[in-house]
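Everything below concerns the one structure shown next.
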Amino acid sequence: MQPDRLVYMANQIGKFFESQRADEVVPGISNHIKKFWDPRMREAIFAYMDAGGEGIDPPVREALDKLKAAGHKTKASLDERSSFQGT
């Protein structure tokens, strides 16, 4: 998948979570990407971020940074609490 498409998709997820409480935005984005994105998609956007990550919205970048730092494998590594039931 092309990086511009991944950036678009990630930013759309971020826009969805903008309406949540401020402390739930970044965890909501992280959780959604962790649950619904194929590992290859996550690796591709991480590589894009490593190359500068142009166009990624700030809360999405923060969520991706958390996900990457957690190794995007262990649930306990992320703050996954969100009142939004769809994540």
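Answer yes if at least one residue in the range 71-83 is modelled with pLDDT of 95 or more and surrounded by 18 or more Cβ atoms within 10 Å (Cβ to Cβ), and no otherwise. Within the range 71-83 (the criterion being modelled with pLDDT of 95 or more and surrounded by 18 or more Cβ atoms within 10 Å (Cβ to Cβ)), the answer is no, since none of the residues qualifies. Residues that are crowded, with 17+ Cβ neighbours inside 10 Å and among the small types (G, A, S) were ranked within the range 9-43; the one that is farthest from G71 (Cα to Cα) is G14. Taking the criterion of being over 11 Å from the mean Cα position of the chain (by Cα) and surrounded by fewer than 12 Cβ atoms within 10 Å (Cβ to Cβ), the residues of the range 48-69 that qualify are D50, A51, G52, E54, A69. If you go through the range 48-65 and keep only what is in contact (Cβ under 8 Å) with a residue 12 or more places away in the chain and either aliphatic (A, V, I, L, M) or in a helix (DSSP H, G or I) (or both), you end up with Y48, M49, I56, P59, V60, R61, E62, A63, L64, D65.
The values are calculated or read from the model by the stated rules, or taken from the named source; none is laboratory data. Every value quoted in this text rests on a predicted model; they were computed, and no experiment measured them. As a convention, Cβ positions derive from the backbone with ideal geometry for all residues, glycine included, and neighbour counts pool all protein chains shown.
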